[in-house]
Structure formats: C-alpha cells, structure tokens
Amino acid sequence: MMNLPKMVMILGVIIFVIGFAMKYIHLGRLPGDIFLKKGNTTFYFPIVTSIIVSIVLSAIFYLIGRFK
C-alpha cells in the first residue's frame, strides 16, 4: 500500500508522455479504422489503432512484469 502514490505518479507521467508523443506520431486514422460520414453525422471507430496500442501495452507490461 505504500507504493500506491509512487505508482499513481508513474502512471501520470506515462500518460503525459503518451499524450505528448501522440501529437507528433499521428497514430489515428490507420488503414483498417472505420470512418463513416453521412450528412452531419460522423462515426469513427479506431479498430486497428486499438489493436496496435493493445499489443504495445501488452509488451510493455510483460517486460515490466518479467524484470520486476
């Protein structure tokens, strides 16, 4: 329980870094993402982007768990 504040701070830094990197990487709008536009309605479902982010996060958490 004593590590909770440290984990929250690390999670905040990770989210900040990912958000800053997203500004320059332009990860969204990959081929395979669903984008529908009809009239005034727009629907965007980033399926391929979600899969890539999931794979990357799984690899990061696997490495963190392996070296812990």
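The values are calculated or read from the model by the stated rules, or taken from the named source; none is laboratory data. Just so it is clear, the structure is predicted and the values come from calculations on it, not from any experiment. Remember, those area values only see protein heavy atoms, side chains included, never the ligands or the DNA or RNA. Shrake-Rupley method; radii C 1.70, N 1.55, O 1.52, S 1.80 Å.
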Scan region 9-43 for residues that are in a loop (DSSP other than H, G, I, E, B) and either at negative phi or open to solvent by 80 Å² or more (accessible area, probe 1.4 Å) (or both) and jot them down.
H26, L27, G28, R29, L30, P31, D33, N40
Of the numbered conditions (1) within 12 Å of the chain's Cα centre (by Cα); (2) open to solvent by 60 Å² or more (accessible area, probe 1.4 Å); (3) at pLDDT below 90, T49 fails exactly one; give the number of that condition.
(2)
